[in-house]
1. Whole-Hz ³J(HN,Hα) for each residue in the stretch 51-64, computed from phi via Karplus 6.51 cos²θ - 1.76 cosθ + 1.60 with θ = phi - 60°, x for glycine and proline: what do you get?
2. For N55 and L28, FRET efficiency with R0 = 41 Å and r from the beta-carbon atoms, rounded to 0.05?
3. If you average the C-alpha positions of the stretch 58-81 and of the stretch 8-22 separately, how far apart do those two centres end up, in angstrom?
4. With a cut-off of at most 13 other beta carbons within 10 Å, and DSSP calling the residue loop, which GluC sites (Glu not before Pro) in the stretch 1-77 qualify? Please list them.
Amino acid sequence: MEENLFIFVVSFFTEWGWQVLGKVPNPLTGKTEKNLVLARRVIDILGMLQQKTQNNLTKDEERVISAAIAELQLNYVDEAKKERISKEGGISDNEQKESSEKTE
């Protein structure tokens, strides 16, 4: 039971991370909202959980939390880069969407 509870907690924070990265809509509002400050905080919380539970996790738990952190970090860097380019007068958000849709 404890393993399932730990994975639930990691999944909860991971889903929240996807929401604040603007990757999935907020289930309460149905809107996609991006908050990179909060996204960084969610990633830091997962990192803290990983550090505090080090050597106390099953292999599956360690795999789940490591994968969650890695995926969120990669997407955070991507979104931060897009935001920086947009603020610097680079390509517009629509052009970014069109570009990413073509590569997917």
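Taken together, the values in this text are just the output of simple stated rules run on the coordinates, not laboratory data. Note that the structure is a prediction, hence the values are computed from the model and not measured. Note that we place each Cβ from the backbone using ideal geometry, even for glycine, and neighbour counts take in every protein chain shown.
1. Coupling constants for the stretch 51-64: 5, 5, 9, 3, 6, 10, 9, 6, 4, 5, 4, 5, 4, 5 Hz.
2. Numbers: r = 37 Å, r/R0 = 0.91.
Plugging the Cβ-Cβ distance into 1/(1 + (r/R0)^6) gives 0.65.
3. 10
4. E33
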